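What follows is a short report on a single structure.
The values are calculated or read from the model by the stated rules, or taken from the named source; none is laboratory data. What you see is a predicted model; the values in this text were computed from it and never measured. Here the Cβ positions follow ideal geometry from the backbone for every residue, glycine too, while neighbour counts run over all protein chains shown.
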């Protein structure tokens with residue numbers, strides 16, 4: 001049994017175009033001490049997957065229509081709001097994408113971290129504040145004692161994200177969900193945040209679910225990868241297998257479109273490989289493969305029948321062309 | 001080199017609010033004596049972290065932020081010396097693509113009008129020719145004619161950036177300042193936009209001043225690169241030299257920070273040159289090398305005396321211990 005198991009999760013949303021299926025039978029698992037990368041473009045269902053695990057899907061309009069999420073065997077979909085509040089922060093924590101909007105602007109960094117500690121552990125306010133300062137120090141904020149008294153607007157983007165991380169790890173959660181933790185940041189700060197998350201994982205043995213659209217981040221961070229497209233997992237496997245031997249045309253595109261800082265080649269780099277077009281709106285998904293409009297390998301079967309996740313259990317892919325061995 | 005745009009000693013100082021009426025006023029020097037030259041039909045990349053002054057330097061060069069001192073020659077003419085109306089007319093040749101495709105398009109305006117507006121403001125052509133030009137621009141950047149009457153919110157991030165590009169191209173400019181045009185986009189869409197920019201450059205002989213914090217993107221699109229740190233250029237080199245032989249420790253750290261498929265967690269990858277902390281404050285910057293506090297190679301000399309840009313092979317580098 002894995003630490004976190006998501007089984008055939010189905011999430012629907014009521015929209016003005018009628019009900020749409022944001023997640024359509026998503027199954028994932030994460031072991032303790034392991035980092036699962038979830039990769040895909042905006043609108044593929046990565047963040048909804050994370051919010052479902054946190055019990056934070058807005059309802060209405062959202063609704064978990066089927067499937068199960070189990071944390072160490074305990075079902076989260078049917079759990080009471082009270083139980084979920086207990087688990088959030090202490091057992092599962094989340095680092096959000098935008099540190100400016102997810103921190104409270106009217107409380108100091110130290111107060112916000114201390115609040116999380118006091119909610120879940122039976123300690124005094126003074127003790128919680130001391131721990132908050134220690135955490136700020138641990139995540140690499142210089143002069144942590146003074147910085148704990150700063151408000152979010154007094155901190156740089158990288159420091160705000162560190163405060164978010166300090167808050168998320170304050171109660172040593174078993175599962176840490178990082179939803180594009182570095183998209184708003186410089187590459188140098190991104191590198192610092194990645195190093196920090198890897199260090200924290202080595203210390204605490206937490207499972208990390210890293211959500212990103214960047215295969216470069218996957219290479220540095222992930223042990224295993226799930227590639228999502230239009231609300232489904234379309235390929236899954238060990239990070240090395242996915243990066244070196246991608247099967248699905250979408251995965252291949254995501255890898256090929258990354259500009260390379262490679263050494264030595266002085267000349268004009270060739271044009272980047274593109275994935276043409278954009279992710280289709282969910283209410284316009286037809287019967288076939290959701291990727292077929294953007295796919296170079298599409299053939300008639302792709303319009304008629306939705307591909308299922310098939311192939312070896314360690315590295316399955318959902319593509320008719322792969323299944324039939326077409327080029 | 002036959003430079004289209006040449007900046008010499010470009011400096012931008014912002015006055016800070018006084019702490020009390022009798023205090024001495026502090027100045028924030030965002031750009032401190034920057035020199036660069038951009039040849040016709042080429043792309044100069046300016047790379048650095050937030051707060052390095054890269055955007056301010058580029059915007060000051062085309063007089064979109066001020067007050068700037070120094071000299072900026074565009075086809076031999078000093079832009080900083082022009083009067084307001086002369087400068088306004090020169091904008092026909094100088095256009096911008098902004099970073100955020102959400103806030104840089106007026107949400108209450110139809111996109112056809114957004115793209116047409118530069119033509120209206122600068123009085124290019126007549127009514128009919130302007131409409132024809134807008135349609136032509138739409139097909140150039142890969143948008144459809146039936147999308148002309150839509151509003152910005154009906155487009156995705158990548159499509160909005162295409163609209164920004166169409167607007168920048170409208171007046172047939174010589175130079176386009178691209179201010180992190182792809183950093184708000186998914187990598188899949190980023191590739192589309194970068195390829196589009198390269199294609200348009202070849203087609204129209206455009207010159208780009210391209211600002212980015214991502215060296216992968218810079219390598220893809222820029223022939224020449226200037227690395228900025230705390231308002232100064234610390235290394236400047238042609239692409240081949242910069243990527244095969246980065247000389248400044250800051251450039252090396254930026255390269256180590258850029259995500260790469262070759263750096264695998266599975267292979268136990270550990271970043272060699274780790275950058276700690278943030279750059280120092282640009283108000284009263286340190287006397288020596290601004291990077292000394294974060295630099296793994298810093299010595300006493302670095303903290304006391306500021307290194308100047310000096311040639312080293314094909315590159316210019318401002319470091320006491322380059323390489």
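Remarks
- Positions within region B:135-146 being more than 13 Å from chain A (Cβ to nearest Cβ) and touching a residue at least 12 places away in the same chain (Cβ under 8 Å), in sequence order: B:135, B:137, B:138, B:140, B:141
- Some residue of region B:273-291 being more than 14 Å from chain A (Cβ to nearest Cβ) and crowded, with 22+ Cβ neighbours inside 10 Å: yes
- When the test is whether a residue is free of Cβ contacts under 8 Å to residues at least 12 places away in the same chain, within 12 Å of chain A (Cβ to nearest Cβ) and either farther than 24 Å from residue A:44 by Cα or under 19 Å from the mean Cα position of the chain (by Cα) (or both), residue B:162 does not pass it.
- Residue match in region B:59-68 (condition: under 17 Å from the mean Cα position of the chain (by Cα), within 19 Å of residue B:218 (Cβ to Cβ) and crowded, with 16+ Cβ neighbours inside 10 Å): yes
- Once region B:174-188 is narrowed to residues that are closer than 19 Å to residue A:185 by Cβ and either modelled with pLDDT under 90 or not in a loop (DSSP other than H, G, I, E, B) (or both), the residue that is farthest from the other protein chains (Cβ to nearest Cβ) is B:179.
- The strands (runs of 3 or more DSSP E) located wholly in region A:168-242 that include 1 or more residues which are closer than 22 Å to residue B:212 by Cα occupy A:207-212.
- Residues of region A:129-151 classified as away from chain B (no Cβ under 14 Å), under 20 Å from residue A:95 (Cα atoms) and touching a helix residue (DSSP H, G or I) at 6+ places or on another chain (Cβ under 6 Å), total: 5
- Per-region count, region A:179-200, residues crowded, with 21+ Cβ neighbours inside 10 Å and either within 20 Å of residue B:274 (Cβ to Cβ) or within 9 Å of chain B (Cβ to nearest Cβ) (or both): 13
- For region A:92-110, residues that are surrounded by fewer than 19 Cβ atoms within 10 Å (Cβ to Cβ) and over 25 Å from residue A:4 (Cβ atoms) total 6.
- Filter result for residue A:133 (farther than 22 Å from residue A:208 by Cβ, at pLDDT 90 or above and crowded, with 20+ Cβ neighbours inside 10 Å): yes
- Flag not set for residue B:204, criterion: assigned by TED's automatic domain parsing to the domain that holds residue B:34 and touching a strand residue (DSSP E or B) at 6+ places or on another chain (Cβ under 9 Å).
- Candidates are the residues of region B:189-217 that are in a loop (DSSP other than H, G, I, E, B) and more than 14 Å from the chain's Cα centre (by Cα); the one that is surrounded by the most Cβ atoms within 10 Å (Cβ to Cβ) is B:206.
Residue-by-condition table, conditions (1) within 14 Å of chain B (Cβ to nearest Cβ); (2) surrounded by 19 or more Cβ atoms within 10 Å (Cβ to Cβ); (3) in contact (Cβ under 8 Å) with a residue 12 or more places away in the chain; (4) closer than 18 Å to residue A:20 by Cβ:
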| residue | (1), (2), (3), (4) |
| --- | --- |
| A:269 | yes, no, no, no |
| A:274 | yes, yes, yes, no |
| A:277 | yes, no, yes, no |
| A:280 | yes, no, yes, yes |
| A:285 | no, no, yes, yes |
| A:288 | no, no, yes, yes |
| A:291 | yes, yes, yes, yes |
| A:297 | no, no, yes, no |
| A:305 | no, no, yes, no |
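- Condition met for residue B:220 (touching a helix residue (DSSP H, G or I) at 6+ places or on another chain (Cβ under 8 Å), under 23 Å from residue A:260 (Cβ atoms) and assigned to a helix (DSSP H, G or I)): yes
- Set side by side, the residues B:179, B:186, B:131 differ, and just one is surrounded by fewer than 23 Cβ atoms within 10 Å (Cβ to Cβ), closer than 30 Å to residue B:218 by Cβ and in contact (Cβ under 8 Å) with a residue 12 or more places away in the chain, which is B:179.
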